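In what follows, a structure is listed as structure tokens, so that the remarks can point back to it.
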Amino acid sequence: MSQTCQLLIVNSIILSLLLCSSDASPLHSFSSSGSRRSILREIISSATVADKPRNDYAVDLNVSIFDSVLRDSPASFAIVEFFANWCPACRNYKPHYEKVARLFNGPDAVHPGVLLMARVDCALKINTKLCDKFSVSHYPMLFWSAPANFVSGSWGPKEDKNEIRVIDDGRTAERLLSWINKQLGRSYGLDDEKFENEQLPSNTSDPGQIARAVYDVEEATANAFEIILEHKMIKSKTRAPLIKFLQLLVAHHPSKRCRKGSAEALINFDDQYPPGGKEDVGVLSTFQICGKEVPRGYWMFCRGSKNDTRGFSCGLWVLLHSLSVRIDDGESQFAFTAICDFVHNFFICEECRQHFVKMCSSIDRPLNTSRDFALWLWETHNKVNRRLMNEEASLGTGDPKFPKIIWPTKQLCSSCYRSNHRREDGEIDWDKDEVYRFLTDYYGKTLVSLYKDKGLLEGEVADGASEELVASTNAVVVPVGAALAIALASCAFGALACYWRSQQKSRKPRRKLELS
């Protein structure tokens, strides 16, 4: 069968994957749902909308996007202001609200990921029922809660046990921030600048902190894809490595929106970058692989105490670890080569790339199980940390709050250590069975627990490896079950179409000869 036919079959299967997902709509619906979430992307965009002043940091919501924006927000808490555009007191209060929103919203947020500050205009008829649900009795009226509590939520003055609370002491920026500080046990100030040297809570001893990294994995994925496009790194020799890595993301990325985006990138890939065709950046250069709201422009779990530490490199490591614990045994060698080839071809920190590729090349036997691959990646990460901790200590370039360490720490996994003493060769005496158990829990279920709590998995098994697979190096990923049946039908249809087309082409020359 010709390569064109094979590509048609591949795309048919991927399309079936999207159409048959239990919570996915057809492709046109998918783009529509992305636009509903685009408000989150808008608030961290550096571009200024013509009719919106640059100092507007609070997010304007209406009834059509209220639930989706709050559901998808990575912030731990949210404040929603209900106001009326004709209200003089509301107009006078807006500068106070914006002073506080500057700290938490936007690409230059001083304290990103902590608090989403939004507003709803009750003077607009579209919002009447929404304002009624919250029993808005005066303007402005401010509510506080976790974002998820606002989704399909309501408030009434007689509801004693409602998790949504009214802020009764926030009529100036100073008083509002003071109220917020009391709830969070923090000491944020209106004059705070971006987070340089801020005292951040350590995530090296709290296993629950990794749940916040699901947003950083999305951020790192989007950043990696943007780097590839900006540097025009898709060439004839890099097509295959990128396709393999995208296949891995379609099957096992911990974020469903990144899996969908990777699948759509594969669908468009051969049209945009045909084998042997012109190397150019077109359609894919405007494609957001994790949705329109990503990248957000800040980090949560991977945020350093200095502006130039952690961030992307941390997020990329978390992504790789999360992939390593989601694959099945039959996929381990595929995942190993896909990641090694991806780093070799697309990681532009040259020294880091060379070190990583050297460690890939040192493997002289296949990695036959997911355990083998997860432990190899863990050992590789520790080798990198050991090398960098010495360099950063001598040069003073490390993050004082998050120095490089041999990982996991005893606080995170005491059972990973066989004893308190090192072996004769100076190495830690690891219990690798316990290490693997820790890795699968930490980068598996715990990593996506925040998504699960927010309902973003919508009934999916948290560890997607049990539901999805990569068939082979040159195959696309296909979910089993009902979707597989439709995918096979699409495959058969594609094969028949290709066969018919080839037969038609083969007839044309004979007909011309007869006419001549």
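The figures follow:
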read-out: Arg326, Arg423, ranked by accessible area, largest first (probe 1.4 Å); value: Arg423, Arg326
read-out: Ellipsoid equivalent to the range 115-166 - semi-axes via the Cα gyration tensor, in Å; value: 17, 13, 10
read-out: Estimated inter-spin distance, Glu350 and Glu391, nm [label 7 Å along Cα→Cβ]; value: 1.3
read-out: Rounded if a/c under 1.5, otherwise prolate or oblate - the range 372-424, Cα gyration tensor axes; value: prolate
read-out: Where Lys182, Lys404 fall by accessible area, highest first, once all protein chains stay in place (1.4 Å); value: Lys182, Lys404
read-out: The range 206-338 - accessible surface per residue (Å², probe 1.4 Å); value: 32
read-out: Per-residue SASA entry for Thr128, accessible area with 1.4 Å probe, Å² rounded to 10; value: 60
read-out: Loop-located GluC sites (Glu not before Pro) in the range 59-168, at most 12 other Cβ atoms within 10 Å (DSSP); value: Glu159
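The values are calculated or read from the model by the stated rules, or taken from the named source; none is laboratory data. Given the structure is predicted, the values throughout are model-derived calculations rather than measurements. Neighbour counts run over all protein chains shown; Cβ positions are idealised from the backbone, glycine included. Please note that ligands, DNA and RNA were not included when accessible areas were found on the heavy atoms of the full protein model with its side chains. Shrake-Rupley method; radii C 1.70, N 1.55, O 1.52, S 1.80 Å.
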